[in-house]
Amino acid sequence: FLSFIGFKCPVCSKFVSSDEMDLHLVMCLTKPRITYNEDVLSKDAGECAICLEELQQGDTIARLPCLCIYHKGQVFLTLCIDEWFEVNRSCPEHPSD
């Protein structure tokens, strides 16, 4: 019987073994946050992968370096990308980038 002894990282929420926690925290805390350009959507673009609401012409959006787009600002009481970035430091659809 093997048991996993580790911790949940307070930065990225991944589970990390106790012997790797110090290194993981340093890496997590020093990894630069992804930035994005704010824009207004010129045409309907499908569903926002964070709030699952439609991205519609005229919506304020955030365009990430990977070219994924998400709502920027409040949509149905959700802050979409800004709220996502409070917990995660990567694109919801490209987490390894």
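For the range 37-87, the carbon plus sulfur part of the accessible surface works out to 48%, probe radius 1.4 Å. For Lys72, the residues 5 or more places off, or on other chains, whose built amide H falls under 5 Å of its own are Thr60, Ile61, Ala62.
The values are calculated or read from the model by the stated rules, or taken from the named source; none is laboratory data. This one's a predicted model, so the numbers in the text were calculated from it and none came from an experiment. These accessible areas exclude ligands, DNA and RNA; they are computed on the full protein's heavy atoms, side chains included. Shrake-Rupley method; radii C 1.70, N 1.55, O 1.52, S 1.80 Å.
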